[in-house]
Amino acid sequence: MSKQSLGLMMAAVLLSLIIIPGMGSAEHEWDHRYVISGVVLDGDGDEAAGVNVEILCGEGQTDENLCELNAERQSETALNGKYELTLHVHSGDHGKLIVLGVLDEAFNHPIDLQGEDGQAEEGDRYVTMNITLSVEVSKLGYFTPYIIAGGMIVILALLLMKKKNKGVFSDKPAQKEQIDQSHLVSCPKCSSKLRADNMAAHLQKQHYMSKEEAEDLASQ
């Protein structure tokens, strides 16, 4: 056998070791997955956003074995009220009861793994269950985390602007003008205030002084 043929054979063996277990894993995975999805509506018929859909495991509720396999699994509804709850369910769990809890209400869901044809298929493990609550649900709770996060970002931005003296915290023109006026001097002939280097010209034009007299008075 040539080295090339031996190399091709080894590559084929390695490829089969990678692909075949993956196929078996995928087959095993769908046989244990059970997905319940749907829309949650409130008492007014509006989509209930930001509410949790979870399994209730109290006495007389969800089967004990199912609770052990799906402890703490839950799904939060989106803005449009949709949820998707992925559970671990064995083929022997057909006919067992799952009780879903939304807010303070409970909803029964019997597991059907065989469908209308009585045959267990992968498609039977994807079911739809729409839920209608008896109470009104405000969407404010859904947006609250985003409002808080947005407020924190705004506060942080304002603090940074204040630290760098930018934006609304920058010096106003009136403030700058007031600061500049602190460097002005009063005219000895009138109540005018002006820069020292303009004083001589002011005395000549406004008070009709000679250049020599104006410069001498301005320098005092």
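As an exercise: evaluate ASP44 against (1) charged (D, E, K, R); (2) part of a loop (DSSP other than H, G, I, E, B); (3) modelled with pLDDT of 95 or more and give the number of the one condition it does not meet.
In the conditions (1) charged (D, E, K, R); (2) part of a loop (DSSP other than H, G, I, E, B); (3) modelled with pLDDT of 95 or more, ASP44 misses (3) alone.
Look through ALA120, ALA149 and report the one residue that is aliphatic (A, V, I, L, M) and touching a residue at least 24 places away in the same chain (Cβ under 8 Å).
Only one candidate passes the filter, namely ALA120.
For the stretch 71-87, state whether one or more residues are among the acidic types (Asp, Glu), crowded, with 18+ Cβ neighbours inside 10 Å and more than 15 Å from VAL137 (Cβ to Cβ).
No, the conditions are met nowhere in the stretch 71-87.
Here is a check on your reading of the model: is GLY95 small (Gly, Ala, Ser), at pLDDT 90 or above and in a loop (DSSP other than H, G, I, E, B)?
Yes: the conditions hold for GLY95.
Give the residues of the stretch 194-213 that are assigned to a helix (DSSP H, G or I) and within 17 Å of LEU184 (Cα to Cα), sorted by residue number.
ALA196, ASP197, ASN198, MET199, ALA200, ALA201, HIS202, LEU203
Answer with yes or no whether ASP117 is charged (D, E, K, R) and either part of a loop (DSSP other than H, G, I, E, B) or closer than 30 Å to TYR146 by Cβ (or both).
Criteria met by ASP117.
The values are calculated or read from the model by the stated rules, or taken from the named source; none is laboratory data. Small disclaimer: the values here were computed from a predicted structure and weren't measured. In this analysis, Cβ positions are derived from the backbone assuming ideal geometry, glycine residues included, and neighbour counts consider all displayed protein chains.
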